[in-house]
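Novice: Take a look at this one; I'll ask things after.
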Amino acid sequence: MNAIKKYAGIVWLALAAVVGYYGLTQFGLPKLTSGKTEDLVFGIIILFVLLPIIVGGLVRFGLYALQGEYDDEVS
């Protein structure tokens, strides 16, 4: 079971990279450069609020899983 948790950590880190790239290139930067006010507000919210929370959470849980923080401890 602990090995599965370590593999899940790799999946979380890969997912964080994909979400970061996709969020930056598809949602964040194009919305900032579109010139529309509603797109500018949406782009700012995506880039500076949602993207750091989502990517940061995925990276944190992925690193914890790889470091063995979620391993079962048998006394």
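Novice: Is one or more of the residues making up the stretch 17-30 at pLDDT 95 or above, under 27 Å from ASP72 (Cα atoms) and surrounded by 13 or more Cβ atoms within 10 Å (Cβ to Cβ)?
Specialist: no
Novice: Okay, next question. If we scan the stretch 53-74, do we find a residue that is at pLDDT below 90 and surrounded by 14 or more Cβ atoms within 10 Å (Cβ to Cβ)?
Specialist: Yes, some residue in the stretch 53-74 is at pLDDT below 90 and surrounded by 14 or more Cβ atoms within 10 Å (Cβ to Cβ).
The values are calculated or read from the model by the stated rules, or taken from the named source; none is laboratory data. Everything numeric here is computed off the predicted structure, so don't read it as measured data. Every residue, glycine among them, receives a Cβ derived from its backbone with ideal geometry; neighbour counts consider all protein chains shown.
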